[in-house]
Amino acid sequence: MSTESSESSSLKRVRIIADFQFGRGTGVKLFPEDCTFRLSSTKRIRYVMSGKVRLATVRAGDGRLTLGKEAGERLCEILPAPAYRTVVRNDVAEFITAGKNAMAKHVISADTEIRAGDEVLVCNEQGSFLGVGNAVLSGEEMLSFNYGVAVQVRKGS
């Protein structure tokens with residue numbers, strides 16, 4: 001298989017994963033034509049790159065995407081609020097941008113469709129992107145609980 005057709009099939013694959021994970025049409029908007037790919041030792045897609053920037057990683061365990069900061073910012077622009085968003089109080093925004101976890105007691109709103117394990121965007125009260133991470137609680141639990149981690153933040157802005 002040629003490198004060019006391999007790149008196009010890899011692009012098609014990650015776009016399909018993004019459509020499944022975040023909704024139809026997000027894959028094309030999230031991953032531009034110039035994306036490159038780094039493969040694992042088993043020749044599976046591991047990293048989705050745009051230039052030298054990692055947009056996403058394809059998790060080996062379940063084939064879903066974990067987003068880098070740039071992809072999180074793009075997704076925040078692509079998806080209308082409140083989709084995949086956890087909104088935290090402004091007074092903890094600097095901690096989130098530093099990569100600290102979002103605690104349930106600081107969550108003021110969350111997409112009720114979020115399930116534990118989903119990749120989510122963390123935003124401030126004005127809707128500005130702060131970081132991206134893995135939901136530890138469902139959206140409803142984030143709003144109900146006043147203790148514990150709501151989102152394990154992987155990358156802050």
In region 67-119, what count of residues is obtained for those that are outside any helix (DSSP H, G or I), closer than 20 Å to V28 by Cα and either of a type in the set (A, V, I, L, M, F, W, C) or free of Cβ contacts under 8 Å to residues at least 24 places away in the same chain (or both)? 5
Could you check, for region 46-65, whether at least one of its residues is free of Cβ contacts under 8 Å to residues at least 24 places away in the same chain, more than 19 Å from A135 (Cα to Cα), assigned to a loop (DSSP other than H, G, I, E, B) and within 17 Å of the chain's Cα centre (by Cα)? no
Which of (1) touching a helix residue (DSSP H, G or I) at 6+ places or on another chain (Cβ under 8 Å); (2) of a type outside the set (D, E, K, R); (3) not assigned by TED's automatic domain parsing to the domain that holds N124 is the odd one out, the single condition T42 does not satisfy? (1)
Of the candidates T57, T97, the one satisfying the condition of being outside the structural domain of V14 (by TED's automatic domain parsing) and either of a type outside the set (F, W, Y) or surrounded by fewer than 21 Cβ atoms within 10 Å (Cβ to Cβ) (or both) is T97
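The values are calculated or read from the model by the stated rules, or taken from the named source; none is laboratory data. What you see is a predicted model, and the numbers here were worked out from it, not measured in a lab. FYI the Cβ positions are ideal-geometry reconstructions off the backbone, even for glycines, and counts take in every protein chain you see.
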